[in-house]
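First the structure, in the form of structure tokens, and then the observations on it.
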Amino acid sequence: MQNAKAYSATNPTSRLASATIPRRDPTENDVQIEILYCGICHSDLHQVRNEWSGVMPTVYPCVPGHEIVGRVTKAGSAVTKFKPGDLAAVGCMVDSDGTCPECLAGQEQFCPNFTLTYNFPDKHLGGVTYGGYSESIVVDQRFVLRVPQNLDLAGTAPLLCAGITTYSPMRHRNVGKGKKVGVVGLGGLGHMGVKFAHALRAHVVVFTTSPNKKEDALRLGADEVVISKNADEMQKHAGSFDFILDAVSADHDINAYINLLRRDGNLTMVGAPEKPLSVSAFGLIMGRRSLSGSPIGGIAETQEMLDFCGQHGITSDVEVIPIQKVNEAYERLLRSDVKYRFSIDMASLKAE
Ligand code: NAP
Ligand code: ZN
């Protein structure tokens with residue numbers, strides 16, 4: 001076992017602060033990674049503040065972070081995919097049983113025995129797993145991704161959650177040319193959704209509560225932007241969407257968006273607000289519309305997404321911060337004041 005520097009929260013209301021955490025010595029299948037950048041996902045904030053207590057109660061101390069890029073420092077004797085010096089990335093999962101039908105289908109995100117990157121029982125050390133707000137991590141090679149050489153690393157980190165979480169449902173729902181696609185909430189996930197829908201050649205409409213994001217939305221690839229508080233603007237799109245991706249982190253009226261779907265249209269929730277949302281049955285019945293959700297994506301699909309980003313030159317628009325600014329970053333995240341993802345430069349942890 002070895003010690004690593006990290007930032008952790010000790011209770012739902014504490015600020016994140018410097019801490020030391022254990023990391024296992026790499027086994028034969030493990031890759032040890034020096035973390036260079038870690039994105040800040042709104043899920044980190046939900047988890048740190050125990051906002052999902054009914055579904056995934058937080059165990060403290062909690063070290064969040066599941067948008068990880070870094071460099072391999074050690075590779076176990078059975079590791080074939082990586083060698084020291086290689087770039088590597090880790091997302092929201094670090095293990096799964098590898099034998100269930102979901103794993104065999106490459107859909108590890110549905111494995112009943114998966115291990116999430118943080119706040120999940122750690123099979124190796126006991127306690128819970130610790131995430132990427134840390135100088136290093138040790139992960140089974142099956143859950144380590146290859147990073148395209150041409151991409152900026154700070155902007156690549158958020159692809160590991162915000163990227164795959166928006167790419168996967170779009171591929172699943174056949175987003176492409178001739179489809180009208182809505183993206184609700186221009187945050188970390190939403191702005192990746194816009195980039196992917198545009199790259200997949202759909203007609204993209206962004207719904208935002210923030211009028212000051214309109215120009216950015218167009219630059220990111222939106223064909224149209226709707227200020228969602230404006231009922232007239234919303235009404236113009238009634239019954240017209242094939243697919244809407246809802247990436248909002250807080251309570252909001254999803255019926256307003258269900259009504260914008262055409263016959264057999266689908267709204268997929270990727271946002272995970274703290275409180276349940278209310279759904280009008282009539283909105284779904286009329287038009288045979290459907291409402292679904294989607295969690296991250298499988299490992300093979302995550303690699304496919306990274307390769308797609310390499311081919312299309314897609315990264316996240318990031319504001320790079322030192323770890324010492326993480327608490328301030330959380331406050332800004334709550335105000336929807338980030339363009340469009342914070343990426344922590346983990347070299348800043350050396351000063352702790
Ligand atoms: P984020 O960067 O904070 O973006 C959320 C966006 O939602 C904001 O930028 C804002 O967009 C909009 N918004 C915020 N409060 C709102 C309100 N009260 N009413 C209407 N719109 C509001 O968060 P994120 O990191 O993208 O994450 C979004 C959600 O997805 C979180 O709940 C997160 O936990 C969840 N998530 C789910 C998965 C999954 O696997 N399904 C994976 C990662 C994250 P505008 O300013 O444009 O209105
Ligand atoms: Zn995330």
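The values are calculated or read from the model by the stated rules, or taken from the named source; none is laboratory data. Everything numeric in this text was worked out from a predicted model, so none of it was measured. All Cβ positions, even for glycine, are placed from backbone atoms using ideal geometry, and neighbour counts span all protein chains on display.
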* Asked: Does the range 42-77 hold any residues that are under 18 Å from the mean Cα position of the chain (by Cα) and more than 15 Å from ligand 1 (Cβ to nearest atom), and which are they?
  -> Val63, Val69, Gly70
* Select from the range 300-317 the residues that are charged (D, E, K, R) and in contact with a Phe, Trp or Tyr (Cβ under 6 Å, 6 or more places away or on another chain) and list them in ascending order. => Asp317
* **Filter result (surrounded by fewer than 23 Cβ atoms within 10 Å (Cβ to Cβ), in contact with a helix residue (DSSP H, G or I) (Cβ under 9 Å, 6 or more places away or on another chain) and among the hydrophobic types (A, V, I, L, M, F, W, C)) within the range 191-219** => Ala199, Leu200
* Asked: So which of Glu274, Glu304 ends up being more than 21 Å from Ala231 (Cα to Cα), away from ligand 1 (no atom under 15 Å from the Cβ) and charged (D, E, K, R)?
  -> Glu304
* To do: Go through Gly239, Gly271 for me and flag whichever is of a type outside the set (Ser, Thr, Tyr), modelled with pLDDT of 95 or more and away from ligand 2 (no atom under 16 Å from the Cβ).
  => Gly239
* **Hits in the range 28-50 (condition: out of contact with any strand residue (DSSP E or B) (no Cβ under 8 Å at 6 or more places or on another chain) and away from ligand 2 (no atom under 16 Å from the Cβ))** => Glu28, Asn50
* To do: Scan the strands (runs of 3 or more DSSP E) fully inside the range 269-352 and keep the ones with 1 or more residues being surrounded by 20 or more Cβ atoms within 10 Å (Cβ to Cβ) and touching a His at 6+ places or on another chain (Cβ under 8 Å).
  => 341-345
* Asked: Of all residues in the range 224-261, which are part of a loop (DSSP other than H, G, I, E, B) and either touching a strand residue (DSSP E or B) at 6+ places or on another chain (Cβ under 9 Å) or within 19 Å of Gly176 (Cβ to Cβ) (or both)?
  -> Ser228, Lys236, His237, Gly239, Ser240, Ala247, Val248, His252, Ile254, Leu260
* Could you please tell me which pairs satisfy a Cβ distance under 8 Å, a separation of 6+ or placement on different chains, a first residue in the range 249-263 that is within 16 Å of ligand 2 (Cβ to nearest atom), and a second residue that is in a helix (DSSP H, G or I)? => Ser249/His42; Ser249/His46
* Asked: Among the listed residues Val175, Val139, Val183, which satisfies the condition of being in a loop (DSSP other than H, G, I, E, B), among the β-branched types (Val, Ile, Thr) and closer than 21 Å to Thr302 by Cα?
  -> Val175
* Residues being touching a Cys at 6+ places or on another chain (Cβ under 8 Å), free of Cβ contacts under 8 Å to residues at least 40 places away in the same chain and among the hydrophobic types (A, V, I, L, M, F, W, C): count how many of those fall in the range 52-100. => 1
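To keep it simple, each residue is scored yes or no on (1) surrounded by fewer than 20 Cβ atoms within 10 Å (Cβ to Cβ); (2) farther than 30 Å from Tyr330 by Cα; (3) touching a helix residue (DSSP H, G or I) at 6+ places or on another chain (Cβ under 8 Å).
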residue	(1), (2), (3)
Gln47	no, no, no
Trp52	yes, no, yes
Tyr60	yes, no, no
Val69	no, no, yes
Val90	no, no, yes
Pro101	yes, yes, no
Leu104	yes, yes, no
Leu116	no, no, no
Val138	no, no, no
* Structure fact -> So, first residue more than 15 Å from Gly85 (Cα to Cα) and assigned to a strand (DSSP E or B) in the range 29-47, second residue among the aromatic types (Phe, Trp, Tyr) and within 16 Å of ligand 1 (Cβ to nearest atom), Cβ within less than 8 Å, six or more apart or across chains; the pairs are Cys38/Tyr133; Gly39/Phe342; Ile40/Tyr330; Ile40/Phe342
